[in-house]
Amino acid sequence: MTTPSPPTYPPRPDSAPRPTPSRARRAWVGGGVALLLVVACGAAALWSTRGGESGPLAGRPRVTDTRAGLSYGVPDGWKHDPAKDRDLIDAFSSQITRIPGTDHGTDHGAAATTGATVLAGRAGRPVSRADLRRTTEAAARSNAEFFFPDRPATLEDSHTTTVGGRPAHTAVLRVTGDTGGRLEMTLLTAPGGRTSFLLGVVTGEPDPALVADLHDVLASTTVD
């Protein structure tokens, strides 16, 4: 709900541009993502996450997203541009992107064809804990249609988790066709009856280090 970064919808990673959706499609997808997040068991795994100075991105710069009520770390080789946050569609309120050309010590060819972004936002109304799995999977598929139009997406994993000590659910989609892709949507309950989310999008065949970055961002997230 994951350049160049067009001014009216969330950016795709730099190294794997896709056809630009029409204005009508952008509006429909933005509304659809928001709707999925306000409407609406889990798998056996429960992943504890750590945030702040004790997490895997301790000492790294952080993004404080007051609208989503989240704070998360920025991995090495990624960047946050607050000015671009203001250009996101209403479903999203902040983003970080992988800096093109950084390879984390992995294969240079893979690094050259892979890009990534993480976006955060807040749902319009709460999603109950019982509906987290269903809503997360539906929102993940809707975002896959936006970031990877006309490409098959398969549910690779769906599990309960926690973010900043709050109940959450993560759905992972593997995208096929062209050079591949990966999308990870995490929906969480927050204090005060809020529901927020983190969305990681990778274009190209994701290398393990880049996927680890997505997991580190989630593990570093605190809920305000």
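The numbers here are math on the coordinates, done by the rules we state, and not lab data. What you see is a predicted model, and the numbers here were worked out from it, not measured in a lab. Reconstructed Cβ throughout: ideal geometry from the backbone, glycine too, with neighbour counts over all protein chains shown.
Relative contact order, whole percent, for the range 72-224 stands at 25, derived from Cα pairs under 8 Å and 6 or more residues apart. Computed extension length for GLU205-ASP87: 39.7 nm, one decimal, from 0.36 nm per residue of separation with the Cα-Cα distance subtracted. Summarising the amide proton neighbourhood of GLU156: residues at separation of 5 or more, or on other chains, whose placed amide H is nearer than 5 Å comprise VAL172, LEU173, ARG174.
Can you bin the range 178-224 into rounded, prolate or oblate? Criterion: square roots of the alpha carbon gyration tensor eigenvalues sorted a ≥ b ≥ c, rounded for a/c under 1.5, prolate for a/b above b/c, oblate for the rest. Oblate shape, in that a/c is at least 1.5 and b/c is the bigger or equal ratio. Taking a ≥ b ≥ c as the square roots of the eigenvalues of the alpha carbon gyration tensor, the range 77-224 is prolate, as a/c is not under 1.5 and a/b beats b/c. Report the Cα centroid-to-centroid distance between the range 168-193 and the range 124-155 in angstrom, as an integer. The two parts, judged by their Cα centres, are 7 Å apart.
How far is it, in nm, from the label point at GLU145 to the one at ARG60 when both lie 7 Å from their Cα along the line to the Cβ? Roughly 3.2 nm, to one decimal. Spin-label model, ARG67 to LYS79: label points 7 Å out along the Cα-to-beta-carbon direction sit 2.2 nm apart.
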